[in-house]
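Before any comments, here is the structure.
Here, each number is a calculation from the coordinates, and none is a lab measurement. Quick caveat: nothing in here was measured; it's all calculated off a predicted structure. No Cβ is skipped: glycine too gets one built from the backbone with ideal geometry, and neighbour counts run over all protein chains shown.
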Amino acid sequence: NNAFGYNALATATTVSNNSAFGHAALTANTTGSSNSAFGSTALDANTTGSNQTAIGVGALSAATTGESNTAVGQASLSSLTTANDNTAVGRAALVSCNGGQNTALGYYAGQSVSTGTHNTLIGYNSAIAITTGSDNTAIGSEALDAVTTGSYNTAVGARALGATTSSGSCAVGEDALM
């Protein structure tokens, strides 16, 4: 284990292969192993979760027992507590997420996903309204930005499917089905 910063890995008891760099990084970790936290309060609530990576202030900051999550960017995946297998890259990407197997890349990508699963969201503000929708794909700036609970949608292009709130739709091209 490596810890640098005030309260970094402060409560570690039976842990191994953890790296904590920054104020309160991995501070609550008791038995979680193979975690990496870089930044103030990164993974600070983690107690038993393992195989997680948090880079950025507040990244994965609420995660307690989640497994195999990766958050890169300030506040990315910061509300996740127990879900597994999420990847968020970008400031506040998947910031509200507690569903599993989601991937978001971009500033605020998937910011409202709460319990949705298996979503792939790439681009600035892509799919910002999805809350419980699952199995959606959004590629492009502000793509799929009106869907909240819809599932099985595919939007490729800036603002594609921007007005759609249903399930099972597909649009390719800038402003397609806007």
Legend entry - Under-5 Å amide H pairs with residue 20, H placed in peptide plane, nonlocal only: 2, 3, 4, 37
Legend entry - Cα-Cα P(r), the range 1-91, percent of pairs per 5 Å interval: 4, 20, 34, 27, 12, 3, 0
Legend entry - Equivalent-ellipsoid semi-axes of the range 32-136, from the Cα gyration tensor, Å, largest first: 20, 14, 10
Inset, instruction - Based on the mean of other Cβ atoms within 10 Å per residue, sort peptides 66-73, 171-178, 10-17 so the most packed one is first. - result: 66-73, 171-178, 10-17
Inset, instruction - Amide H neighbours of residue 139 under 5 Å, at least 5 residues apart or on other chains, H built in the peptide plane: list them. - result: 122, 155, 156, 157
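Suppose R0 equals 41 Å; then what is the FRET efficiency for residue 64 and residue 148 from their Cβ-Cβ distance, rounded to the nearest 0.05?
Values: r = 27 Å, r/R0 = 0.65.
Once the sixth-power term is evaluated, E becomes 0.95.
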Inset, instruction - Go through the range 27-38 residue by residue and turn each phi into a ³J(HN,Hα) via Karplus (6.51, -1.76, 1.60, θ = phi - 60°); whole Hz please, and just put x for glycine and proline. - result: 5, 8, 4, 10, 10, x, 10, 6, 10, 10, 10, 10
Inset, instruction - Answer with one residue from 60, 14, 123: the one whose Cα lies farthest towards the positive end of the charge dipole of the chain, charges on Cβ with Lys, Arg +1 and Asp, Glu -1. - result: 14
Inset, instruction - Compute the relative contact order of the range 64-173 as a whole-number percentage, counting only Cα pairs closer than 8 Å that sit 6 or more residues apart in sequence. - result: 15
Inset, instruction - Taking each pair of different alpha-carbon atoms in the chain once, compute 1/r for the pair, average those values, and report the inverse of that mean as the Kirkwood hydrodynamic radius in Å to one decimal. - result: 15.7
Legend entry - Built amide H within the under 5 Å cut-off of residue 72, gap 5+: 55, 88, 89, 90
Inset, instruction - Quote the relative contact order of the range 1-54 in percent (integer), defining contacts as alpha-carbon pairs under 8 Å separated by 6+ residues. - result: 31
Legend entry - Computed label-point distance, nm, for sites residue 13 and residue 170 using a 7 Å Cα→Cβ extension: 5.3
Legend entry - Longest to shortest principal axis, alpha-carbon extents of the range 98-178, angstrom: 30, 24, 15
